[in-house]
Amino acid sequence: MNRIFQSEQEAAAVLRDAGLKATPQRLAILRALSGDVTHPTAQELYERLATHFPALSVATVYNTLAALTRVERCRPLDLGGPARFDPNVAPHDHAVCERCGEIRDVKAAETRPKPRALTGFSVRRVEHIYRGLCAKCAGT
Ligand SMILES: [Zn+2]
Ligand SMILES: [Zn+2]
């Protein structure tokens, strides 16, 4: 499930929940991220929107994504480079192609055993990253 909102009214409500005014720029950021399966960075979303919103800045995109993250409408994904943002907040894993950089959602296993070495540690979330080659890059 990677849609952040279903209707335009809901889109404005999501922004208000995040403590933001529903400006046309912020609605466009929300629309751009909702349903996006590429796990874009703030810079990538900015580049997609900049032609329509010449006054838009990367900082506005980043701040909007940070506010949406705080209310769990999206989730940051740390793959080592600039933060990526995931509209899919359900628990899932990721597969990353080491050649073209494609990032794919992978359904997480229902339950995962907690390593015994983690006694005395309260696990909130486990995320796996599978690294390899996508079908296109592997030439299969
Ligand atoms: Zn690839
Ligand atoms: Zn994802």
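For the reader, a short list of remarks on this structure follows.
- Residues satisfying the stated conditions in segment 93-115, i.e. among the basic types (Lys, Arg) and either in contact with a strand residue (DSSP E or B) (Cβ under 9 Å, 6 or more places away or on another chain) or at pLDDT below 95 (or both): Arg104, Lys107, Arg112, Lys114
Residues are listed down the side, and each one gets a yes or a no for (1) at pLDDT 95 or above; (2) under 17 Å from Met1 (Cβ atoms); (3) not polar (S, T, N, Q):
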{"residue": "Gln25", "(1), (2), (3)": "yes, no, no"}
{"residue": "Leu30", "(1), (2), (3)": "yes, yes, yes"}
{"residue": "Thr41", "(1), (2), (3)": "yes, no, no"}
{"residue": "Leu56", "(1), (2), (3)": "yes, no, yes"}
{"residue": "Asn63", "(1), (2), (3)": "yes, no, no"}
{"residue": "Pro87", "(1), (2), (3)": "yes, yes, yes"}
{"residue": "Pro91", "(1), (2), (3)": "no, yes, yes"}
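- In segment 1-18, residue surrounded by the most Cβ atoms within 10 Å (Cβ to Cβ) [restricted to those that are under 10 Å from Leu68 (Cβ atoms) and at pLDDT 95 or above]: Leu15
- Any hit, segment 86-101, residues being in contact (Cβ under 8 Å) with a residue 40 or more places away in the chain, buried (at least 16 other Cβ atoms within 10 Å of the Cβ) and touching a helix residue (DSSP H, G or I) at 6+ places or on another chain (Cβ under 8 Å): yes
- Apart from one condition, Phe53 fits all of (1) within 21 Å of Ala11 (Cα to Cα); (2) assigned to a helix (DSSP H, G or I); the exception is (2).
- Out of Asn63, Asn88, sole residue that is in contact with a Cys (Cβ under 9 Å, 6 or more places away or on another chain) and of a type in the set (S, T, N, Q): Asn88
Here is a yes/no grid of residues against (1) within 16 Å of ligand 1 (Cβ to nearest atom); (2) in the same structural domain as Val58 (by TED's automatic domain parsing); (3) in contact with a Ser or Thr (Cβ under 7 Å, 6 or more places away or on another chain); (4) not in a loop (DSSP other than H, G, I, E, B):
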position	(1), (2), (3), (4)
Leu79	yes, yes, no, no
Gly101	yes, no, no, no
Ala109	no, no, no, no
Pro113	no, no, no, no
Ala117	no, no, no, yes
Phe121	no, no, no, no
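- Filter pass, Val61 being closer than 29 Å to Leu15 by Cβ, in contact with a Leu (Cβ under 6 Å, 6 or more places away or on another chain) and among the β-branched types (Val, Ile, Thr): yes
The values are calculated or read from the model by the stated rules, or taken from the named source; none is laboratory data. Because the structure is a prediction, the values reported are computed rather than measured. Counting neighbours? That spans all protein chains shown, and the Cβs are built from the backbone with ideal geometry, glycine included.
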